[in-house]
Amino acid sequence: MKKIIILISIISIPFLSFSQELGLHFMNNVFQSNYTNPAQLSDHKINILLPNFAVNFSHTGPTIDDILFQYTDGSYYIDTNKGLEKLKDKNILYTKLDVETLGAAVRFGKFQVGLSHAFRIGFNLKYNRELPEMAFNGNAQYIDQTVDVGFGLNTTIYSEWAAHGAMQINDKLSVGLKIKYLGGIGNISTSREQINIYTDPEYYQITANTDYELNAAGEFFNLNIYTENDSTDFNFNTNPSFAASNHGIGFDFGAEYQLNDKIKLAASVLDLGFISWNKNTS
């Protein structure tokens, strides 16, 4: 149980804060405005990026408005049953934490070039509706039934070195490209995730059968797996390293077109690439 708590603690780092990345698109004077489209040119000749972080959060299940309600005296309360009603049969929760270290961009005339570095953490959790239903309301609702409360996860930590450039083709059109070296620090994911729970109709006894496969790669999530007396156990690396032992490459590219004084059209493809997770695997 302690190992599971440690794992959940590590992969829950992205829940610290929330932000909306799309809002950056219209902030022409902010360095990060080209994150949604590398064709975005700054109005300044020199742009310096100082250390900062941002978090994005999305969930296919209930929102805060679905579970948080207000009393007449102004205080708030949480109604979990209202939230459970909004659950889908299968739900996905995704967070992304970006920790940026340093960066700079220089514009001269119609051209802009820059360099930047960041650490990025992505966390993806998928679960069936039965998991929170059993957690909040118990197992009495599933008498003489077998339900799957297993959950799958995929967490990736990597560093990103980016070289980016943009060009103003004419008064209406601009294009941009970002090339990124990706250094894979750690990845942990499940390829089998099954926890079948049966509740006996006579004594409410619970029988659980599990089938999990946990895959890890990189320095951060290095697992030490050992078998003794026909029992398999594992320990996490007690000294997680931020060394990038797995390598990859990524691309962003886009264009912007000023249709008229009031309308600007923009299109981009972001995070197209891969990391080869083939070092320190278990």
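The values are calculated or read from the model by the stated rules, or taken from the named source; none is laboratory data. Quantities reported herein were computed from a predicted structural model and do not represent experimental measurements. Counting neighbours? That spans all protein chains shown, and the Cβs are built from the backbone with ideal geometry, glycine included. Each accessible area value is taken on the protein alone, full model and side chains, heavy atoms only, with ligands, DNA and RNA left out. Shrake-Rupley method; radii C 1.70, N 1.55, O 1.52, S 1.80 Å.
A few remarks follow.
- Highest-fluctuation residue, Asn229, Asn29, Asn52 considered, GNM on the chain with Cα pairs under 10 Å: Asn229
- Heavy-atom accessible area per residue - the chain, 1.4 Å, Å²: 59
- Between Gly23, Gly218, Gly186, the GNM of the chain built on Cα springs shorter than 10 angstrom shows Gly23 fluctuating the most.
- Straightening the chain between Ser58 and Ser282 buys 77.7 nm, computed as 0.36 nm per residue apart minus the Cα-Cα spacing.
- Those trypsin sites (Lys or Arg not before Pro) in segment 107-156 that DSSP places in a loop and that have at most 14 other beta carbons within 10 Å: Lys110
- For the listed residue pairs Lys88/Lys126; Lys110/Lys180; Lys86/Lys126; Lys172/Lys262; Lys172/Lys264, the alpha carbons are over 19 angstrom apart in Lys110/Lys180.
- Electrostatic tally near Leu68: other residues with Cβ closer than 15 Å to its Cβ, Lys and Arg +1, Asp and Glu -1, net -2.
- Note on Ile263 and Ile143: with the Förster distance fixed at 45 Å, the Cβ-Cβ geometry gives a FRET efficiency of about 0.15.
- Distance between the modelled labels on Thr210 and Asn81, one decimal in nanometres: 3.2 nm (7 Å Cα→Cβ projection).
- With every protein chain in place, the chain: carbon and sulfur % of accessible area (1.4 Å): 58
- With every protein chain in place and a 1.4 angstrom probe, the accessible-area ranking of Tyr76, Tyr198, Tyr127, largest first, reads Tyr76, Tyr198, Tyr127.
- A cut-off under 10 angstrom between Cβ atoms defines the neighbours of Val147, and their net charge, with Lys, Arg +1 and Asp, Glu -1, is -2.
- Sorted largest first by accessible area at a 1.4 angstrom probe radius, with every protein chain in place, the residues Lys45, Lys262, Lys96, Lys180 fall in the order Lys262, Lys45, Lys96, Lys180.
- Expected 222 nm ellipticity per residue - DSSP helices of 4 or more, -39500 (n - 2.57), all of the chain, to 500: -2500 deg cm²/dmol
- The dipole here belongs to the chain: it is taken about the Cα centre, uses +1 on the Cβ of Lys and Arg and -1 on the Cβ of Asp and Glu, and is about 1420 debye.
- Legend: calculated FRET efficiency, Ile67 to Asp271, from the Cβ-Cβ distance at R0 = 41 Å, rounded to 0.05, equals 0.85.
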